[in-house]
Amino acid sequence: MKNGYKILWTDNALKELENTIEYLEENWTDRELRNLALKLEETLAYISQNPNLFQPSDVKKEIRRVVILTHNTLYYRINNDQIEILSFFSNRQSPKKRKLK
């Protein structure tokens, strides 16, 4: 059985994740932060095993998206045997601010 696809984060996605965590640390409880972390880990495990599980985005068909809780959407694409995380987008922003390259 295949171990799964390797997951790589782009600099943009890491920066968005970092900004999200900073915001949430100021405005959410530790319990809510743990819940987000668990949901993110669970989602990444699903993507690693079955990258076509989630729907194509409305931006480009080769980019897929999955909502992480209500406030954030993860955008990714399959690149050979790797998953490239393109964005950890805060849904509170305008969709025009998405950087999906």
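Every number here is computed from the coordinates shown, using simple stated rules; none is lab data. Keep in mind the model is a prediction, meaning the values are calculated, not measured. Because the Cβ atoms are built from the backbone with ideal geometry, glycine has one as well, and the counts that use them run over all protein chains shown.
Once C-alpha pairs closer than 8 Å and six or more residues apart are averaged by separation and normalised to the residue number of the stretch 43-94, the relative contact order reads 25 percent. For the peptides 39-52, 73-86, 22-35, the ranking by packing is 73-86, 39-52, 22-35, with the highest mean count of neighbouring Cβ atoms within 10 Å listed first. For the chain, the antiparallel share of DSSP beta bridges with both residues in that region comes to about 80%.
Any idea what the alpha-carbon Rg over 2.2 N^0.38 Å comes to for the stretch 6-91? Can you show the working numbers first?
On the way: Rg = 12.7 Å, N = 86, 2.2 N^0.38 = 12.0 Å.
Against the empirical 2.2 N^0.38 Å value, I get 1.06 for the stretch 6-91.
Axis of helix 30-49 versus longest Cα principal axis of the chain: the two differ by about 10°, to the nearest ten degrees.
Would you calculate a helix-derived [θ] at 222 nm for the chain, using -39,500 (n - 2.57) for each DSSP H run of n ≥ 4 and dividing by the full residue count, to the nearest 500? Mind showing how you got there, number by number?
Details: 2 runs with 37 residues, N = 101.
About -12500 deg cm²/dmol.
The C-alpha atoms of the chain define a longest principal axis, and helix 11-27 lies at about 30 degrees to it.
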